[in-house]
Amino acid sequence: MTDVGIDAIEIRTGKLKLDLPNTFAPAKGEDPEKYTKGLGLNASSFPDTYEDIVTMGANAAHRLMEREGLGPEDIGRIDVATESSFDNSKPVSTYIAGCLEAVFDGEFSHANKGERKFACLAGTQSIDDAYNWIKAGRHRGRSALVIATDTALYARNDPGEATQGGGAVAMLISEEPDLVALSTEQGYGSADETDFLKPNQQFPSVDGKRSVQVYLSRMREALEDFESVAGRTHTEDFTYIPFHTPFPGMVRKAALFGYRHMIRDTQKEDELAGEIGRQPREEAFDDDGTFEEALSEYMDGLKRTDAYQEWYARVVDPTLSISREVGNWYTGSVHLARASALKTAAEEGRDLAGERLLVGSYGSGAQAEIHAETVQEGWTEKIEAMTVDEGIEKRYDLSYDEYERVHDVHNHDVETDADVEEFTAPEAEFVFDGWGRMGERKYRFVE
Ligand code: CAA
């Protein structure tokens, strides 16, 4: 059976940076360690005033196609995953295709384009759609372009403000991929929830604390559903476990619950229970009605064990290195996590071919998807070709006043001057170029 999966990936960060401990924390009167240690974030990326979800997505896709020597005739499908769309009818993929046609010889006239929405899960769902399209044999030898692009902004003074971010991840989905092959094993946890939503509004309505619980519940259900197909999971089955990362502190919680699930009813659990001085099994707590407190005591103990800390440092922590510097990119976030882990392994000179990843995606509203992937022979070259480090390094470091101005520019509800100051100079990239006659957004390529 032909493998299908991610052949190549390119990451485009917004060109501005908000330093959380040194700029944001003093302005908010907060302890910097709330951000660095509590949430696990050093900085957020923001789009410059001439950037948006289209330019970031088009710039990522342009670089990816150039690098891979592809033209429009090689692409049979363009799906954009976003929760920052500005048009309820015309999909963002048409804007991005229009940009790309201005720089490539050829048109995407026979490509199927669309826009996928299920909060942060939509990037993974777009990959699933592309996988199914190729497996069904409808692709005529062509690849699919999946672009996850978001400007993840919250209202000022919302608790989510510290977790903002902006950037795009472009992925090429192909037969016989070089990076990772997707397995057929997949599990879902899904429920009608109101943890985070944008009912015809730009900034989200968020019940932050509840959203954390909903994430954990849906992820647990997805893992159980995955196991019903793939069999029981164990801590050593997967080299890395990339999770959706709204902020690394969220992943620390998800990883602990995942670990506890994987060691349940095993000798390892008994050994750790001995070390912690607590029986972990849920039925042991139910009788006296102290289940919640006892479980949380057990989880706190589990977190401190050497076995858990070694596993977390090896399997989960490497997935967080990019997110720590750029914040939440909504639909792109879990794909940053996979890229972070593979980048770390490449830098360490490891050979991962044939090893497995367990990918945990989540979208508010709410649904989690867990699936397995196998790393392919050509992975190192494809990971080393990414330009993400350069983009992160070159960002303009905003003062707090500048941050507020940029936030207003990207806030559709605030009127800003027509000529808003740019903080960086465009360099061989697509830029926003004003509005057209029917209210459409216009773009051009700056040499
Ligand atoms: N030193 C070290 N740690 C500190 C600290 C300090 N000085 N001050 C606080 N902390 C810790 C806290 O103990 C807490 O850690 P724990 O959760 O492990 O206890 C952490 O830092 C955050 O502190 P608070 O809980 O006080 O922070 P908050 O209430 O201001 O905001 C939040 C937290 C509610 C999650 C907020 O960031 C938020 O609303 N974020 C947006 C929603 C979100 O991302 N939800 C995640 C699940 S939904 C999802 O994943 C979809 C999506 O992409 C949005």
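Values quoted throughout were computed directly from the atomic coordinates according to the rules given, and no laboratory measurement underlies them. Because the structure is predicted, anything quoted here is derived from the model rather than measured. Using ideal geometry, Cβ is built from the backbone for each residue, glycine included, and neighbour counts are taken over all protein chains shown.
In table form, for the structure just shown:
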| item | result |
| --- | --- |
| Charge sum, other residues only, whose C-beta stays under 10 Å from Ser183's C-beta, Lys/Arg counted +1 and Asp/Glu -1 | -2 |
| Cα-only Debye scattering, the range 107-247: base-10 log of I(q)/I(0) at q = 0.11, 0.14 Å⁻¹ | -0.55, -0.87 |
| The range 1-157: C-alpha pair distances exceeding 20 Å, % | 56 |
| Reduced Cα scattering model of the range 376-447, Debye log10 I(q)/I(0), q = 0.16, 0.25, 0.28 Å⁻¹ | -0.83, -1.28, -1.33 |
| Unit charges on C-beta of K, R, D, E only; dipole of the range 4-446, Debye | 580 |
| Within the range 1-141: Cβ-based charge dipole about Cα centre, in debye rounded to nearest 20 (Lys, Arg +1; Asp, Glu -1) | 300 |
| Relative contact order, percent, the chain [alpha-carbon distance under 8 Å, six or more residues apart] | 25 |
| Cα pair distances exceeding 37 angstrom across the chain, given as percent | 23 |
| Ratio of Rg to Rh over the range 18-96 (Cα coordinates, Kirkwood Rh, two decimals) | 1.16 |
| Cross-link pairs beyond the 29 Å C-alpha cut-off, checked among Lys15/Lys382; Lys135/Lys394; Lys15/Lys90; Lys15/Lys442; Lys34/Lys394 | Lys135/Lys394 |
